[in-house]
Amino acid sequence: MKVLIVDDEPLARQRAARLLQELDGIEIIAEAANAEAALAEIEQHQPDALLLDIAMPGMSGIELARILAERESSPAIVFCTAYDEYAIAAFDAQAVGYLLKPIQREKLAAVFGRLSRLNKAQIAALAELEPPTQRRQLSSSGPQGISLLPVSAVRYFYADHKYVSAVHPDGELLIDDSLRELEQEFAAQFVRIHRNALVALAYVQGIERHGVAGYRVKLQGLADGPQISRRYLPAVRALLAKGM
């Protein structure tokens with residue numbers, strides 16, 4: 001079984017690697033210090049299983065698991081967690097492999113002896129246990145694999161028919177989220193200016209005329225911002241008056 005170790009703590013990775021090497025049939029094919037690096041390693045090595053830390057800077061282990069769960073074929077996942085006994089019981093009830101830090105040899109051997117694939121229902125159960133946090137990364141699957149974009153780089157989201165794009169200074173990323181979902185999740189960071197557009201408050205520099213009677217938002221890092229509809233123009237002006 002090919003295993004990828006994903007943990008932001010070097011000592012934790014070293015301990016995990018040492019214990020895994022004592023198990024028969026285990027090959028450690030790579031290590032990753034964060035979820036983003038893990039995605040690259042997964043694409044390159046196609047591991048059978050991940051030993052995955054939950055709490056990491058940037059994308060969490062559960063966020064990574066959500067991305068992998070969308071694939072037709074994904075590695076089995078064993079979570080490393082510091083959750084209390086009640087949360088651990090819930091993990092166990094969902095038949096998801098878990099290990100409490102610091103990892104114990106006997107428990108490591110037992111978990112890897114009963115690995116199962118992580119499905120969407122299990123991901124949903126884990127999400128309820130995870131402290132509610134906003135995503136720091138957006139993801140999109142395409143012919144070239146998974147593309148990631150920091151939410152902090154997004155200037156605005158816009159919807160075009162069934163598709164939503166996240167626009168940033170270097171281009172745009174097509175994502176699966178709806179504008180309504182994005183508006184709810186990032187209510188403190190983005191504001192609606194049109195039925196088909198949300199803008200990042202941190203990058204708004206003002207408004208400017210567009211055409212005969214239209215207006216659009218000026219955004220840092222972009223030559224052209226999205227159009228403001230008449231319905232939302234008073235609210236945008238009010239926000240600007242308050243200094244956003």
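The values are calculated or read from the model by the stated rules, or taken from the named source; none is laboratory data. Keep in mind the model is a prediction, meaning the values are calculated, not measured. Note that we place each Cβ from the backbone using ideal geometry, even for glycine, and neighbour counts take in every protein chain shown.
General observations
- Look at (1) under 19 Å from the mean Cα position of the chain (by Cα); (2) free of Cβ contacts under 8 Å to residues at least 60 places away in the same chain and you find that Glu9 fails only one, number (1).
- Among residues of segment 153-168 that are in contact (Cβ under 8 Å) with a residue 24 or more places away in the chain, those with a Cβ under 8 angstrom from a residue that is of a type in the set (Asp, Glu), sequence gap 6+ or separate chain, pair up as Ala166/Glu172.
- Residue count for segment 157-181 satisfying the condition of being over 18 Å from the mean Cα position of the chain (by Cα) and surrounded by 15 or more Cβ atoms within 10 Å (Cβ to Cβ): 2.
- Residue satisfying all of: in segment 102-121; modelled with pLDDT under 65 and part of a helix (DSSP H, G or I); nearest to Pro47 (Cα to Cα) among these: Lys120
- Of all residues in segment 78-101, one or more are modelled with pLDDT under 85, out of contact with any Gly (no Cβ under 6 Å at 6 or more places or on another chain), within 26 Å of Gln14 (Cβ to Cβ) and polar (S, T, N, Q).
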